[in-house]
Amino acid sequence: MKVLTDYLWFNTPKRREMVRITDQVADIVARSGVHEGIALVSAMHITSGVYVNDWEEGLIEDFGAWLETLAPSGLDYRHHQTGEDNADAHLKRTIMGHQVILPITGGKLDLGPWEQVFYAEFDGQRRKRVVVKVLGEGT
Amino acid sequence: MKVLTDYLWFNTPKRREMVRITDQVADIVARSGVHEGIALVSAMHITSGVYVNDWEEGLIEDFGAWLETLAPSGLDYRHHQTGEDNADAHLKRTIMGHQVILPITGGKLDLGPWEQVFYAEFDGQRRKRVVVKVLGEGT
Amino acid sequence: MKVLTDYLWFNTPKRREMVRITDQVADIVARSGVHEGIALVSAMHITSGVYVNDWEEGLIEDFGAWLETLAPSGLDYRHHQTGEDNADAHLKRTIMGHQVILPITGGKLDLGPWEQVFYAEFDGQRRKRVVVKVLGEGT
């Protein structure tokens, strides 16, 4: 059994941003030497998430607008009594999911034709991390 | 360590449909020879999902109506400028989740009394796939 | 490869309650002897969930109020024709997620500074279970 752990760092220019990370995860999988297994890709901060969906700019904008409808910013959240102003970011990341598990088959990410992995930042402009843990059988 | 990978194919008659797949997944687990481990069950298309919930027709209809409220079809989504008409399917599958990890204990799926695994199709009537990756200790 | 399976039992005084379980999961991980791997933490009932987010009372109340907006109780759900009254609990747990996979690095849960694991009960006041399956390389 082989295990490799690595971390991706982000510091997004905008407060909210979807960042495609498929290639970075694939690189870590290649380095791991795992031939059959899984890769856990998980946000380590609670105002960001990781999800799999389409790499299409219009849909990415749709996600942003939709999340603002379901979990609006600027409301009088109880969390804000602590001095925070990011309660909506906690809710938005809950909708998108905070982690994914990607299958590895034949040494590569076993993704469908349109599956792309994204980091979803909802309270950015500071350094944040995603853990990638690859685990499985080596060659 | 044992690993088995298999795929389930779907081509639902209706555009939206919830398909129970607990038995198919259990069959793959049995074939894997894994005694203690996990099974990843993950949609390979970005307009469908996999979730665990109740096998009760009324609740399944409730899910459908509820998803239509949270992520309505027929809106003027930006994604539709590409010629697509399925942005709502991307959003609906995000709510339901695109994958589950099922524990395997004593060679069997370790599910609670009411837990059933479903494939959630939101843009069907064509061939689509789910990957099942079973991983763990053999007997 | 090492695997340890354990179960956490709950019987919450209130119908809806968020219960922090980070320490219980960490104890199971310590007992497992797994040095590099993952821990699956998954609700075995379909009206409760498991999620990772902030241990801040205000935000936990925000989550409760928000879920009531997105998936209200007391509606005339079809599921209630079976005699049940908890359709909203099935929907609320779907938003929060029913399971998480936690990375284990150097023998410990590899969590970010604010990540806490919660059991989310939406139909409590009776005995319910969470499965914890730890899997990976021993020391």
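For the range A:42-58, taking the residues that are under 13 Å from C:Val100 (Cα atoms) and either part of a loop (DSSP other than H, G, I, E, B) or polar (S, T, N, Q) (or both), the one that is farthest from the other protein chains (Cβ to nearest Cβ) is identified as A:Ser42.
Could you please let me know if C:Ile60 is touching a Ser or Thr at 6+ places or on another chain (Cβ under 9 Å) and touching a residue at least 24 places away in the same chain (Cβ under 8 Å)?
So C:Ile60 fails the test.
The set of residues from the range B:1-42 being buried (at least 21 other Cβ atoms within 10 Å of the Cβ) and of a type in the set (Ser, Thr, Tyr) comprises B:Ser32, B:Ser42.
Looking only at the range B:93-119, residues that are more than 11 Å from chain C (Cβ to nearest Cβ), outside any strand (DSSP E or B) and within 21 Å of B:Gly37 (Cα to Cα) come to 2 in all. Looking across the range B:120-139 at every residue that is crowded, with 23+ Cβ neighbours inside 10 Å and assigned to a strand (DSSP E or B), the one that is farthest from the chain's Cα centre (by Cα) is identified as B:Gly136.
Consider the range B:68-84 and keep the residues that are at negative phi and part of a loop (DSSP other than H, G, I, E, B). The one that is surrounded by the fewest Cβ atoms within 10 Å (Cβ to Cβ) is B:Asp76.
Specify which of the listed residues (A:Ala87, A:Ala65) is crowded, with 24+ Cβ neighbours inside 10 Å and either facing another protein chain (nearest Cβ under 9 Å) or not acidic (Asp, Glu) (or both). Full working, then the answer.
On the way: A:Ala65 fails: crowded, with 24+ Cβ neighbours inside 10 Å.
When all the criteria are applied, what remains is A:Ala87.
Any read-out appearing in this document is the output of simple, stated calculations on the displayed coordinates, not a laboratory observation. Note that the coordinates shown come from a computational prediction; the quantities given were computed from them, not determined experimentally. When we count neighbours, we look across all protein chains shown, and the Cβ atoms used for this are built from the backbone with ideal geometry, even at glycine.
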